[in-house]
There are 2 protein chains.
Amino acid sequence: MSKDGGILARYAMTLETLAAAPDGLSLMEVVQATGLPRGTVHRLLGALRGIGYIAPRGGRKIYVLGPRLLRLLHLGVAPAAVSSLVQPMLEKLVTRFKETAFVAKLVGADVQSVAMVVPGSDGQSYVQPGRVMPVHAAASAKAIFAFQDEALVEEVLSRPRTRYTENTRVEEAELRADLEQVRRQGFALCDEELDPGVLSYACPVHLEGAGVLYSIGLVGLSRRLGDHPRSEVVATLRAAAEAFSKGLPSGLHRPVIGEVPALGEERSG
Amino acid sequence: MSKDGGILARYAMTLETLAAAPDGLSLMEVVQATGLPRGTVHRLLGALRGIGYIAPRGGRKIYVLGPRLLRLLHLGVAPAAVSSLVQPMLEKLVTRFKETAFVAKLVGADVQSVAMVVPGSDGQSYVQPGRVMPVHAAASAKAIFAFQDEALVEEVLSRPRTRYTENTRVEEAELRADLEQVRRQGFALCDEELDPGVLSYACPVHLEGAGVLYSIGLVGLSRRLGDHPRSEVVATLRAAAEAFSKGLPSGLHRPVIGEVPALGEERSG
DNA sequence: AATATAGTTCTATTAAATGGAATTTTCAAA
DNA sequence: TTTGAAAATTCCATTTAATAGAACTATATT
């Protein structure tokens, strides 16, 4: 084997060089930073761009870390690490609506609850980590799966589903319609689909460049939570989701200005 | 060129497979998930482990995402995303010491101030983002550079330095001794090295698996800030640094239980 | 238009990836 | 402890990609 650690070491070096540059780097800047030959850097950048780990910024030949890498990094973060971050947000929600607030995360092909605050006596909260939410009967899960790849959705929908209540959707067509509605409306609703008399809302958390990996929502008795105007609940959750996405390491240094790089193959452009 | 997107596509597939499994996967599980031949997967995992992108969990041959990926995430995060997180911590420090508190971040080969709270009338705070701290005359920068790779330190020390005050260290040997002291003591001190009459403390923020990318500290007039016992200031800053590192998404799925994988080469273990 | 600089393509050489088979290790059941 | 099966690792002839430097093209700059 080579003395320098193989080809991956070069790719890693390139990624770290780009990560350290807030505004992205041109090919020649990478050449200078890494000490690699021009031709080599050109090929490395091309390969990294090919798999979406880096992306050109704007129309120019300036490269920054790409969406696929960001998504990977977020997936790699432990759910527990997030909970302290969102605790204050959840407590605000609880104060306002006097209902249980939660954050859920995509873990593999499951959605797990990550943090939860209940309207206890004086802001007392407990976390219920790792509980897997049923995809077909939880607003938290719907809010996330509505924005995942078709492949993942298909895998998830291929699993057997329990009919918890009369309202539980078990047919694939119904669920797909649900997900489509979530995409249109920007929030998920679960009206007595999991537990009778229990209503839940959830909003997807869009992480810039990394898609949707979290949702934030409220659960409560239909009679109480249902009394709040839907628009009010949703608006509040949306605001919380936005704050969440800004509080998390979500984006690249700067939003991509100009052309959005097309997915799929775009050779010899 | 190959039809499948090259070798990186396989590495990416492997990483994503592992990312979807919080508890890690064995070689054969990766084989099944990816459809690649055994021998190939074995080599891929070996290469990824070699650069720290994945790591064996416990003593067993189960692989999870590695620390080096996390560092990439933090490096890629915009400084602004951090400031909201640390604001409350800084305000606590200000309340306690009646001095300016700040957080600084490693950005490329510079240390920039990311957030700052001054002891204004009633908790009023303003952020002064992006100010680059001189490496040789700022506690914030010393606290960070003391824990960086030799290559980075060397690059930084190769730059010209201004002698701001009588106390400013400009000799490389002096600075290296400073950094060594920071490593030993766990905090950095800057005693009238940048501005006459101004004293600053900073503690490194150790992110689990990602090294030191931030520092948190205090700045104030020597006469006032110097009145506080050094041990008190340092203990408080250390606590803040620890809280900071817990508040940031710092951990991978699970801490490695059992043996800690050695750095460098550890073949045929 | 001239010139320098960045980016891209080309090419013979070197090095690594490939995957199937052989071998060793690991682990659990007898 | 023995035994057997699965997992992990090593091996190796073949294929394929990486390498680095030079030639070339595109893109500013004056």
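The values are calculated or read from the model by the stated rules, or taken from the named source; none is laboratory data. All of these numbers come straight from a predicted model, not from anything done at the bench. So basically every Cβ, Gly included, is an ideal-geometry build from the backbone, and we count neighbours across all protein chains shown. Only protein heavy atoms, including side chains, enter the accessible area calculation; ligands, DNA and RNA are left aside. Shrake-Rupley method; radii C 1.70, N 1.55, O 1.52, S 1.80 Å.
Some points to look at:
- Candidate set: the range B:1-53, residues that are under 23 Å from A:ALA210 (Cβ atoms) and acidic (Asp, Glu); chosen: the one modelled with the highest pLDDT: B:GLU16
- Filtering the range B:14-47 to residues that are under 20 Å from A:HIS74 (Cα atoms), away from DNA strand C (no atom under 11 Å from the Cβ) and either over 30 Å from the mean Cα position of the chain (by Cα) or part of a helix (DSSP H, G or I) (or both) leaves B:LEU15, B:GLU16, B:THR17, B:LEU18, B:ALA19.
- Hey, A:ARG131 assigned by TED's automatic domain parsing to the domain that holds A:LEU218 and farther than 19 Å from B:ALA19 by Cα or not: no
- The range A:4-21 residues that are closer than 15 Å to A:ALA47 by Cβ, paired with ones that are open to solvent by 30 Å² or more (accessible area, probe 1.4 Å) and modelled with pLDDT under 85 (beta carbon under 9 Å, 6 or more apart): A:ALA9/A:SER2; A:ARG10/A:ASP4; A:ALA12/A:GLY5; A:ALA12/B:ARG68
- Total residues in the range B:84-109 satisfying the condition of being at pLDDT below 85 and at the interface with chain A (Cβ under 10 Å from one of its Cβ atoms): the figure is 6.
- Residue, nearest to the chain's Cα centre (by Cα), within the range B:1-13, restricted to residues that are near DNA strand D (Cβ under 9 Å from one of its atoms) and facing another protein chain (nearest Cβ under 7 Å): B:LEU8
- Any hit, the range B:247-267, residues being at pLDDT 90 or above and open to solvent by 30 Å² or more (accessible area, probe 1.4 Å): no
- Residue within the range B:44-56 that is open to solvent by 40 Å² or more (accessible area, probe 1.4 Å) and more than 23 Å from A:THR17 (Cβ to Cβ) present: no
- The set of residues from the range A:14-29 being of a type outside the set (Gly, Ala, Ser) and within 13 Å of DNA strand D (Cβ to nearest atom) comprises A:THR14, A:LEU27, A:MET28.
- For the range B:30-49, a residue qualifies if it is closer than 22 Å to A:ALA151 by Cα and either touching a helix residue (DSSP H, G or I) at 6+ places or on another chain (Cβ under 8 Å) or within 12 Å of chain A (Cβ to nearest Cβ) (or both), and the qualifying residues are B:VAL30, B:VAL31, B:ALA33, B:THR34, B:LEU36.
- Taking the listed residues A:THR168, A:THR162, the one that is surrounded by 14 or more Cβ atoms within 10 Å (Cβ to Cβ) and assigned to a loop (DSSP other than H, G, I, E, B) is A:THR168, with no other qualifying.
- Within the range B:48-64, the set of residues being more than 9 Å from DNA strand C (Cβ to nearest atom) and basic (Lys, Arg) comprises B:ARG49, B:ARG57.
- Among the residues of this structure, B:TYR126 counts as one that is at pLDDT below 85 and among the aromatic types (Phe, Trp, Tyr).
- Any hit, the range A:195-214, residues being among the small types (Gly, Ala, Ser), surrounded by fewer than 15 Cβ atoms within 10 Å (Cβ to Cβ) and touching a strand residue (DSSP E or B) at 6+ places or on another chain (Cβ under 7 Å): yes
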